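Presented below is the structure to which this report refers.
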Amino acid sequence: MRVICVISLLLCVKNKVAAQDAYHMLTLSDFQGIPHSSGDNAIAFTHCSIDFHYHVTGDKNRYHLTFDIRLILDKDQSWLDRKHIQSPQYMANILKHEQGHYCIAYMEQQELLREANRTNFDANYQAEATELFDRIHAKYEQLNLNYDDDTRHMLDPIQQHSWDVYFQKRLAYMPPVARVGY
């Protein structure tokens with residue numbers, strides 16, 4: 001079985017206030033897309049994206065960026081191939097594994113908010129904001145790969161449990177998103 005989570009970037013300059021989305025527990029209703037196979041035996045696909053916008057104020061070498069960084073779960077692109085679901089317990093295991101992918105995307109969004117709000121930007125703010133996103137995104141992209149490798153796409157229950165505990169602790173002790181002064 002192969003489970004996939006996609007995280008994408010939309011980078012634009014927009015005038016919005018900073019947002020912190022609430023953590024979401026996945027349910028079957030979050031998987032509205034039509035299952036499709038790419039030959040990788042996937043039975044579930046969770047599509048998350050990070051919408052990354054900022055508004056700039058300032059002059060000379062002192063710039064203040066107000067960020068709007070949203071985690072979007074696209075229900076129409078996320079899917080479960082229900083014909084391969086053997087039991088309610090198997091469905092619960094798939095949802096638990098998918099929750100891990102969502103959790104990774106949520107942790108990425110929260111770290112982006114924290115780091116963006118702590119960073120002082122200069123006249124090169126566009127490149128700095130892009131580098132910030134790219135650096136953090138690469139970290140969580142690798143975490144997603146490690147998660148699937150370690151759990152063998154949820155087939156290793158011991159490793160899956162270990163990751164579940166890791167996610168619970170990360171969520172329980174997640175630092176708050178704090179704003180630095182301008």
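The values are calculated or read from the model by the stated rules, or taken from the named source; none is laboratory data. Model, not experiment: these values are computed from the prediction. Because the Cβ atoms are built from the backbone with ideal geometry, glycine has one as well, and the counts that use them run over all protein chains shown. These accessible areas exclude ligands, DNA and RNA; they are computed on the full protein's heavy atoms, side chains included. Shrake-Rupley method; radii C 1.70, N 1.55, O 1.52, S 1.80 Å.
The table that follows gives values for the structure above.
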| item | result |
| --- | --- |
| Positions within segment 70-79 being open to solvent by 90 Å² or more (accessible area, probe 1.4 Å) and within 13 Å of L28 (Cα to Cα), in sequence order | D76 |
| Residues satisfying the stated conditions in segment 51-64, i.e. part of a strand (DSSP E or B) and surrounded by fewer than 22 Cβ atoms within 10 Å (Cβ to Cβ) | D51, H53, H55, V56, T57, G58, D59, R62, Y63, H64 |
| Cβ-Cβ under 6 Å pairs, at least 6 apart or on other chains, segment 155-168 side within 23 Å of H24 (Cα to Cα) and touching a residue at least 12 places away in the same chain (Cβ under 8 Å), far side open to solvent by 90 Å² or more (accessible area, probe 1.4 Å) and among the basic types (K, R) | none |
| Filtered residues of segment 153-171 (kept if at pLDDT below 95 and open to solvent by 60 Å² or more (accessible area, probe 1.4 Å)) | L155 |
| Residues located in segment 24-43, provided they are surrounded by 13 or more Cβ atoms within 10 Å (Cβ to Cβ) and over 19 Å from I72 (Cβ atoms) | P35, A42, I43 |
| Number of the condition not met by R82 [criteria: (1) modelled with pLDDT under 95; (2) surrounded by 17 or more Cβ atoms within 10 Å (Cβ to Cβ)] | (2) |
| Residues being under 30 Å from V56 (Cβ atoms) and either part of a loop (DSSP other than H, G, I, E, B) or touching a helix residue (DSSP H, G or I) at 6+ places or on another chain (Cβ under 6 Å) (or both) - total across segment 74-106 | 2 |
| Yes/no for N124 being farther than 24 Å from S78 by Cβ and either small (G, A, S) or over 14 Å from the mean Cα position of the chain (by Cα) (or both) | yes |
| Residues (surrounded by fewer than 19 Cβ atoms within 10 Å (Cβ to Cβ) and among the polar types (S, T, N, Q)) located in segment 100-143 | N117, T119, N120, N124, Q126, T130, Q142 |
| Condition met for Y147 (among the aromatic types (F, W, Y), assigned to a helix (DSSP H, G or I) and either surrounded by 20 or more Cβ atoms within 10 Å (Cβ to Cβ) or at pLDDT 95 or above (or both)) | yes |
